[in-house]
1. Does residue 87 qualify as being more than 31 Å from the chain's Cα centre (by Cα), exposed (fewer than 13 other Cβ atoms within 10 Å of the Cβ), basic (Lys, Arg) and at pLDDT 85 or above?
2. Please tell me if residue 27 is in contact with an Asp or Glu (Cβ under 6 Å, 6 or more places away or on another chain) and closer than 18 Å to residue 100 by Cβ.
3. Could you tell me whether region 587-610 includes any residue that is open to solvent by 40 Å² or more (accessible area, probe 1.4 Å), of a type in the set (A, V, I, L, M, F, W, C) and farther than 21 Å from residue 416 by Cα?
4. Select from region 542-559 the residues that are in contact with a Ser or Thr (Cβ under 8 Å, 6 or more places away or on another chain) and not in a strand (DSSP E or B) and list them in ascending order.
5. Restricting attention to region 365-382, which residues are within 17 Å of residue 546 (Cα to Cα) and of a type outside the set (A, V, I, L, M)?
6. Considering only residues that are more than 19 Å from residue 291 (Cβ to Cβ) and either of a type in the set (D, E, K, R) or open to solvent by 30 Å² or more (accessible area, probe 1.4 Å) (or both), which ones fall in region 668-677?
7. Can you report the number of residues in region 195-214 which are in contact (Cβ under 8 Å) with a residue 24 or more places away in the chain and not in a helix (DSSP H, G or I)?
8. For region 529-537, state whether one or more residues are within 24 Å of residue 411 (Cβ to Cβ), at pLDDT 90 or above and open to solvent by less than 70 Å² (accessible area, probe 1.4 Å).
Amino acid sequence: SDHMENIYGYLMKYTNLVTGWQYRFFVLNNDAGLLEYFVNEQSRHLKPRGTLQLAGAVISPSDEDSHTFTVNAASGEQYKLRATDAKERQHWVSRLQICTQHHTEAIGKNNPPLKSRSFSLASQGSANSPGVQRRPSQNAVSFFNVGHHRLPTGKRVPIMQPDHLVDVREMMSQAEGQQRDLIRSIECLPVSGHLTSLDQDLLMLKATSMATMNCLNDCFHILQLQHASQQKGSLPAGTTISWLEPKISLANHLKNGAAQNFPAEINKPASVREEQSIAEPCQLTREPEEINPGEELEDICDDKEDDLGAVEEQRSVILHLLSQLKLGMDLTRVVLPTFILEKRSLLEMYADFMSHPDLFIAITNGTTPEERMIRFVEYYLTSFHEGRKGAIAKKPYNPIIGETFHCSWRMPKSDVATDAGSNFSAHSPSEQVTLSKDLEGQTELDYYTVKFVAEQVSHHPPVSGFYAECVERKMCVNAHVWTKSKFLGMSIGVTMVGEGLLSLLEHGEEYTFSLPCAYARSILTVPWVELGGKVNINCAKTGYSASINFHTKPFYGGKLHRVTGEVKQNTTNTVVCRVQGEWNSVLEFTYSNGETKYVDLTKLSVTRKRVRPLEKQGPFESRRLWQHVTESLRDGDIDKATEHKRALEERQRNEERLRAETETPWCTKYFLKEGDGWVYHKPLWKTVSAAQTQQTDTS
């Protein structure tokens, strides 16, 4: 009973890359099986800042030092904690493990296993089956001899004996053999006629049978771990139960759904041989290149991603891919079919989030800290609509390590809001073109310039750094993003790990912000994108913060693309602005003075970015690097685009292998690693500070 007493005290909790470690007051509630934390001991009577259910959790002391440990909840949430010394860590870890074991066993006792059920695919061929009424080919499953074993029911055995695991393994082997026979029978069918190997119902059967076997293998793996823990009494410290690695190598298995049979080297197009023969990036000059905005021309490229036909035509390819994926599987190393690609790199997509430079520059024109925070929130929420091109969920190119993208925007000074209430311009597209042409006759004194640079700084994990600045207004933004994609069944989720920092040097203010998750939904029909998750914007100097929620659509009812948020003063806990609406349609801002403003994002003017012509770009600049893939996609030649894409990826793998063999570290060009983040090598806050120091010394 002494071991089950509630304990409490201060621990350090890792919050994020910017904030780092913070002291928080933790309470272990043994009765409820909860680990709660508060800002401090005085706020213990208030609602906890965070709560973890300990049933099914894994408590893991860290190998990095003797003070740190993690609590991994069954929900997937994780707390990374640090005690003052090794003794205190052991005290917390042992008490947490005892509480976790107690509540996990309680769930097992109160929730006995479901009774096993028998199910026959062949029975689905009856005349009353809805499947038969849909299509005659739905009867295809009755052609195959698929057996099903009914496990004997009986009293639950407290400790599974080794021979029981042998029986399960034998049944698994039989099921795997039957599944292989099923796949072989489907693939032996003719490619034309009444029932073909490309029948969509049969492809779905292949996908679901493969997913089922993978899931059963994972469950068997968990049974083995449970058996080992029962033999030893408990799981060893640090043990985790995770998804197994995929058994099929997708990289060598897919070329839009078929085996990759590329022509011999001599028959490859010259452009492909050129892509494979570009020198090792570290052998090229890695010195930062100063891009002259005068060489950049207004972008005339307008690749709209609104063609749904390709997705419908390639549905069998998607089904073939799904048959080899598993729930929760990391897609970072999975080669996805070419037809789902956008005609731009991920680095250029980050640039397109800056398509409203007038709103970006207007942030620093706010006369008060409150107004500047609200303007930043307004700009932040208007950036996602233009960042997504078209309604269909297509994927930008995965940047090659060392790839860069440069562009700039010119904004007439007269179009940048200076007073409150005039933050948004609403020029029509035709008016916007006129504005762009008017810039040609203006001098540099008549417009602001916003410069942008992005670089892929890491391949595994895939991390991008990007930086934008407006020198005239002494403001810049620096960010790094690690994209983690996972297979979620009928959708794909992408988590944007990392943070950004907006610096307003005229006011000495810094704003930290994060990015929402993105989801590609309905990937078997007409895929579409939605954003989800909570993001925070904070300014430590002024004490203002914003909390924004991107809401995913509920299963039943509800609106698409909904977003809500509020801006508040942390010291007084006063809400000064509330926002609601859709991030790709209309937003409603309500201010503390009672005023309300509506912003129709579809009518906001978009300033075209300026880029250098291809012939002036370096070999690792995005548009030149991917030009042959983009041209093939524009022409609708998926096979040719796939070949060019494969050549780039193969070259990257060869270079990575060579660096590993020679132990040569990768050299970035524009971004430097600082702690867990990446920072532009010459940020405006450094150059302005150096200039002020030099001016002071001269005086």
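The values are calculated or read from the model by the stated rules, or taken from the named source; none is laboratory data. In this text the structure is predicted, and so the values were computed from the model without any measurement. Backbone-built Cβ (ideal geometry, glycine too); neighbour counts: all protein chains shown. Accessible surface areas use protein heavy atoms only, side chains included; no ligands, DNA or RNA. Shrake-Rupley method; radii C 1.70, N 1.55, O 1.52, S 1.80 Å.
1. Considered against the rule, which asks whether it is more than 31 Å from the chain's Cα centre (by Cα), exposed (fewer than 13 other Cβ atoms within 10 Å of the Cβ), basic (Lys, Arg) and at pLDDT 85 or above, residue 87 comes out as yes.
2. For residue 27, the condition - in contact with an Asp or Glu (Cβ under 6 Å, 6 or more places away or on another chain) and closer than 18 Å to residue 100 by Cβ - is met.
3. No; the residues of region 587-610 include none that is open to solvent by 40 Å² or more (accessible area, probe 1.4 Å), of a type in the set (A, V, I, L, M, F, W, C) and farther than 21 Å from residue 416 by Cα.
4. 543
5. 366, 368, 369, 370, 371, 372, 375, 376, 378, 379, 380, 382 - these are the residues of region 365-382 that are within 17 Å of residue 546 (Cα to Cα) and of a type outside the set (A, V, I, L, M).
6. Of everything in region 668-677, those that are more than 19 Å from residue 291 (Cβ to Cβ) and either of a type in the set (D, E, K, R) or open to solvent by 30 Å² or more (accessible area, probe 1.4 Å) (or both) turn out to be 673, 674, 675, 676.
7. 3
8. Within region 529-537 (the criterion being within 24 Å of residue 411 (Cβ to Cβ), at pLDDT 90 or above and open to solvent by less than 70 Å² (accessible area, probe 1.4 Å)), the answer is yes, since at least one residue qualifies.
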